[in-house]
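The next block holds one structure in the form of structure tokens; read it before the comments.
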Amino acid sequence: MSPVRRVLVVTVVHHPDDARIRHRQIESLLEAGWQVTYAAPFADYGLTRPVGIPGLTPVEVPRSSGRQRLTALFAARTLLRDRAPAHDVVLLHDPELLLAMRPLRNLPPVVWDVHEDTAAALQVRPWVPDLLRSPAAWGVGRLERWAEDRVPLLLAEHEYADRFRQNHPVVPNTTWVPSETVPPGRPDGDGRQRVVYLGSLTVERGARELIEVGRHVQAATNGLVQVHVIGPAHGEAVDLMRAAVKEGVVVWHGFVPSDRALPMLDGALAGLSLLHDEANFRHSMPTKVIEYLAHGVPAISTPLPVPADLLERTGAGFLVPFGDVAAAVDAVLLLHRDPDRARELGAAGHRAAADGYDWEKVAPVFIAALEDAAAAP
């Protein structure tokens, strides 16, 4: 019988209910019989630590946010020093955690899960002073090179491979794909149809455009179609969303854990992904697009290269120009007026998600990568 593996999973940045970390990776580890210690900023996100989940031990760490990052960094260093040696492998989810591990010795194998192009992301982070954006991006690049020489990496996107010199396993941001879906455009109990946005919302992720789409489709359909936002807002988008809710042009659910948020997609008329043309988005697949398709919901996306390729190949939605509210509204109204077309696009999306974007097919790659790391000397 194989020994029970123990993994320490650490994030000081991501929400403890992050879909990739908690509801895909950790869920798969537990199903595979691993013992998981999960260190995350539960309290700083207003959550209590989960209890009674077999195999899962939650540990509290401070949140790293904005310019307030040193406390979390030192807490993570203490955590790694004291707890990591009792585990077979450590899985880090934030690049700054690489700084926490640098001075430590006698750690078990450490794996870094590369979620994003951090250097590009710094270009739009409001807490980074303009004069420091380029030096910070340079520093991140140096840190990535240091990490690649010392720890195994997992990449969340195939396109991230160009940033590194060696080959690394790719564990893409796919999703659990239901075996059956609800036809898009199913009216809710009040007779209205939902257009959904799932995920964190910022100005760069299309907050202004999303609100305007909500305003125009509601007016064009006499209130029969509403935009529902499922996820937290950040920065300037918070005030924009509060004003839009007060005006009644969107319904804002705030953060909803992935296991409850995904069923909220069922029966939606369309799913929106109106991301701007930012460097951090150009090489990534917005997970929300995959989640829309998995639930049989036609996607309406801006023409970033990766989602554009998917929608053009599969015919599972529409591409609209960056910042073009009118085009997004027209796409929504087309689906509203043509239920057969909506069902056709929804079925195409579900097939595409089942064939190429089902986490159930990716999970063995993820587990094998951690097994390989744990078995390394």
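Okay, here's what the table says:
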{"read-out": "Neighbourhood net charge (14 Å Cβ-Cβ; Lys/Arg +1, Asp/Glu -1) for W146", "value": "+2"}
{"read-out": "Magnitude of the charge dipole, the chain, Cβ model with Lys/Arg +1 and Asp/Glu -1, debye to 20", "value": "940"}
{"read-out": "At 0.692 mPa s and 37 °C, Stokes D of the chain from Kirkwood alpha-carbon radius, µm² per second", "value": "152"}
{"read-out": "Extent along principal axes [Cα atoms of the stretch 29-73; Å; largest to smallest]", "value": "38, 18, 12"}
{"read-out": "Projected-area mean, the stretch 226-377, by convex hull of Cα positions, square nanometres", "value": "11.1"}
{"read-out": "CD proxy at 222 nm, helix term only [per DSSP H run n ≥ 4: -39500 (n - 2.57); per residue of the chain; nearest 500]", "value": "-11500 deg cm²/dmol"}
{"read-out": "Label-point gap, in nm, between D190 and E247 - each point 7 angstrom along Cα→Cβ", "value": "1.8"}
{"read-out": "Among 319-325, 59-65, 293-299, the order from most to least packed when residues are scored by Cβ within 10 Å on average", "value": "293-299, 59-65, 319-325"}
{"read-out": "Accessible area, probe 1.4 Å, largest first, for residues T314, T302", "value": "T314, T302"}
{"read-out": "The stretch 195-293 - Rg and Dmax from Cα coordinates, angstrom", "value": "12.9, 38"}
{"read-out": "Rel. contact order, % - alpha carbon contacts under 8 angstrom, at least six apart, the stretch 17-86", "value": "22"}
{"read-out": "Mean Cβ neighbour count within 10 Å, used as a protection proxy, ranking 4-17, 41-54, 254-267 highest first", "value": "4-17, 254-267, 41-54"}
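The values are calculated or read from the model by the stated rules, or taken from the named source; none is laboratory data. Only a predicted model underlies this, so the values are computations on that prediction, with no experimental measurement involved. FYI the Cβ positions are ideal-geometry reconstructions off the backbone, even for glycines, and counts take in every protein chain you see. Quick note on the areas: whole protein, heavy atoms, side chains included, nothing else; ligands and nucleic acids left out. Shrake-Rupley method; radii C 1.70, N 1.55, O 1.52, S 1.80 Å.
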